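Structure in structure tokens, see below.
The values are calculated or read from the model by the stated rules, or taken from the named source; none is laboratory data. Treat the numbers as computed from the prediction; the structure is a model and nothing was measured. We place every Cβ from the backbone using ideal geometry, glycine too, and count neighbours over all the protein chains shown. These accessible areas exclude ligands, DNA and RNA; they are computed on the full protein's heavy atoms, side chains included. Shrake-Rupley method; radii C 1.70, N 1.55, O 1.52, S 1.80 Å.
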Amino acid sequence: MSAIRHLYFHIPFCPKLCPYCSFYVETGTKNKTTRFLDALLREVEAARTAHDLQPETIYFGGGTPSALTCEQLEYLLNGLCSRLDLRGLREWTFEVNPATVRADKARLLHGAGVSRISLGVQSWDDALLKTLGRVHNAAQAEKTYGVLRDAGFANVNIDLMFAVPGQTLAQWQATLQRTIALRPEHVSSYCLTYEEDTAYFRQLQLGTFRQDDDRDADLFETTIDTLTAAGFEHYEISNYARPGLESVHNFAYWRGADYLGFGPSAFSTVGLRRWQNVPDTAAYTQRVLAGESTVYFSEELTPEIRAGEIAAFAVRTREGIATEALGRWRSEMREFHELGFLEDRAGRTVLTRRGKLMADSVAEAFV
């Protein structure tokens, strides 16, 4: 039995549902109870009997994990520390909404062993934050950043979003410069996508919002130029880091490592098996505490499908793919070479600057 070294915890609670978000989340507090936290800890106990857990990375996402109260967090984090052997832990990331963290919560997280924060700023422009439906403003986000630094966090990622409806190039440049001025260790910069079953997708269908591929490409290239000039390495299409401070957890996904997901809607992949927990907090809690399966969906992958998935992720990173491993994709990759999207570098096939604009199309060729 191979060791599982990467764990993800999905905390589904949010102060407010953002109109662009397609993740499984719940608003309100009706399920923020010890019963739900007990279910998470019970799920860990069950996984410990079924797998060899030797975590090197832990990631708390959502939802808004920082929406839990200090008391709830202390109960959950202490419970995890008593159930898991964390001696090999290299990185523990916790997603934070700027509106949900004060000094006491930041100190609690740091004291529990959380080593990396991902701060969901999205924009430093208050008008765009309102468009995005965020519950914080720019001043609040900057204050929270300071609180996290004061608590001792030396590894902070700032999440940003571009191609927001109504956003101008000048607004995006200002957001990038304000981010750089804070000197974070990592920046994640995502192009807004219109996911089905979201309010934004409905507005797109109605014609209220429009997509502009040329504008999005300009914003993306501005991001590359601005952040790399400031000393960040562009190591994955949407991710930039100070040298040596790349996300260990995310790189594990991109390299095809096994991982376990805990909580409602969380995915797991071990070997060639993938499954998802039921995307319903009440049902998830009830099933775990009753000793029943939480699996909502599962599939057995073929070696070819899994290899294609890993290749699709790899081509989006600065590492690219070993050229000798292209195998059955060689003809498709030759075409992308001819189009100027790919190049060979030290025995590896990587995206060119032009290819980064077409990363999704290149990745799709593998799957």
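How would R5, R90, R116 rank on accessible area, largest to smallest, probe 1.4 Å?
Order by accessible area, largest first: R90, R5, R116.
For the chain, what is the relative contact order in percent, using Cα pairs closer than 8 Å and at least 6 residues apart in sequence?
Answer for the chain is 16 percent.
Rounded, prolate or oblate: which fits the range 172-286 when a ≥ b ≥ c are the square roots of the eigenvalues of the alpha-carbon gyration tensor, with rounded for a/c under 1.5 and prolate only if a/b beats b/c?
Details: a/c = 2.36, a/b = 1.26, b/c = 1.88.
Oblate shape, in that a/c is at least 1.5 and b/c is the bigger or equal ratio.
Which residues among the range 86-116 fall inside the zone where the amide N is under 14 Å from a point 7 Å beyond the Cα of N137, along Cα→Cβ?
Of the residues in the range 86-116, 99 have backbone N under 14 Å from the label point off N137.
With the dipole of the chain worked out from charges on the C-beta (+1 for Lys and Arg, -1 for Asp and Glu) around the Cα centre, which of I58, G133, A314 lies farthest toward the positive end?
I58
Further question: What is the extension gain from L17 to R348, computed as 0.36 nm multiplied by their sequence separation minus the C-alpha to C-alpha distance, in nm to one decimal? Intermediate values should be presented prior to the final figure.
Values: separation 331, 0.36 × 331 = 119.16 nm, distance 4.17 nm.
Between L17 and R348, full extension yields an extra 115.0 nm.
A follow-up question, please. Mind giving me the nanometre distance, one decimal, between the label points for E299 and L204, set 7 Å out from Cα along Cα→Cβ?
Modelled inter-label distance: 2.1 nm.
Now for a separate question. Taking the alpha-carbon centroid of each part, what is the distance from the range 322-367 to the range 178-249 in angstrom?
22
Right, next: What ranking do 181-189, 270-278, 299-307 get when scored by the average of other Cβ atoms within 10 Å per residue, highest first?
So the peptides 181-189, 270-278, 299-307, ranked by packing, come out 181-189, 270-278, 299-307.
Sticking with this structure for a sec: Counting only protein chains, not ligands or nucleic acids, how are C191, C18 ordered by accessible area (probe 1.4 Å), most first?
Values: C191 50, C18 20 Å².
Largest accessible area first, the residues go C191, C18.
Separate question: Go ahead and run the numbers for FRET between A46 and E233, Cβ-Cβ distance against an R0 of 30 Å, rounding to 0.05.
Approximately 0.15, to the nearest 0.05.
Mind sorting out which of (i) 5, 22, 32, 28, 12, 1; (ii) 5, 23, 31, 24, 13, 3, 0; (iii) 6, 26, 36, 26, 7, 0 is the real P(r) over Cα pairs in 10 Å bins from 0, in percent computed from the coordinates?
Working out P(r) over Cα pairs in 10 Å bins from 0, in percent from the coordinates points to (i).
Related question: In square nanometres, what is one fourth of the surface area of the convex hull spanned by the alpha carbons of the range 235-325?
Computing the convex hull of the Cα atoms and averaging its projections yields 7.4 nm².
Apply 1/(1 + (r/R0)^6) to the Cβ-Cβ distance of R255 and V367, taking R0 = 22 Å, and write down the FRET efficiency to the nearest 0.05. Working shown, then result.
Working: r = 16 Å, r/R0 = 0.74.
Taking R0 as 22 Å, the efficiency between R255 and V367 is 0.85.
Further, regarding this structure: Shape verdict for the range 1-97, please, from the Cα gyration tensor: rounded (a/c under 1.5), prolate (a/b greater than b/c) or oblate.
Prolate, because a/c is 1.5 or more and a/b exceeds b/c.
For the range 300-367, evaluate the Debye formula with one uniform point scatterer on each Cα (no solvent term) and list log10 I(q)/I(0) at q = 0.15, 0.17, 0.20, 0.21 Å⁻¹, rounded to two decimals.
-0.40, -0.51, -0.71, -0.78
Still on this model: Which Cys residues of the chain have no other Cys beta carbon under 4.7 Å away?
Unpaired cysteines in the chain: C14, C70, C81, C191.
Next question, about the same structure. Rolling a 1.4 angstrom probe over the protein chains, ignoring ligands and nucleic acids, what is the accessible area of T33 in square angstrom, nearest 10?
Roll a 1.4 Å probe over it and T33 shows about 60 Å².
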